[in-house]
Amino acid sequence: MGSSSFSSDNLKPLKQASLQRALGQLTAGDTGRRVCQYEVPGGGVCRDRDCTDLHLSRIASEPSDSDIAAYVHGALPHPWCGRCDVRAIEIALEGVRLRGGGIKDIDERVREALYGLGITVA
Ligand SMILES: [Zn+2]
């Protein structure tokens, strides 16, 4: 069938949305500071530790487990989306985080969580 797998590319809109939300919170709050030009619009990483600009990568801009779970569930192809619910994915994501293992990347965590639920990820 080929369609019963989940590609981590599907996570890109979620990451962009959470980044934009963080950006919105920043600009709504402290307008005296600007976002570091290395990160926006560059998408790179600022290596200057003395840089006083705002850095999205240093802010907790990650979506929460429930955000990720809801998103992943909505992006799951048939028949997976009918076989597990959002809560199951959220619990699996929590489990991956609690086990640790140095997994910080969302893609990695989603892959681990879905694997634990028996869902194949491309
Ligand atoms: Zn910077």
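Taken together, the values in this text are just the output of simple stated rules run on the coordinates, not laboratory data. Just so we're clear, the structure is a prediction, and the values are computed from it rather than from any experiment. In this analysis, Cβ positions are derived from the backbone assuming ideal geometry, glycine residues included, and neighbour counts consider all displayed protein chains.
Each other residue within a Cβ distance under 13 Å of His73 adds +1 if Lys or Arg and -1 if Asp or Glu, for a net charge of -2.
If you take all other residues with their beta carbon under 13 Å from the beta carbon of Val86, and give Lys and Arg +1 and Asp and Glu -1, the sum is -3.
Summarising the amide proton neighbourhood of Val35: residues at separation of 5 or more, or on other chains, whose placed amide H is nearer than 5 Å comprise Leu54. Note on Cys51 and His78: their simple-model spin labels are 4.7 nm apart, each label 7 Å out from Cα toward Cβ.
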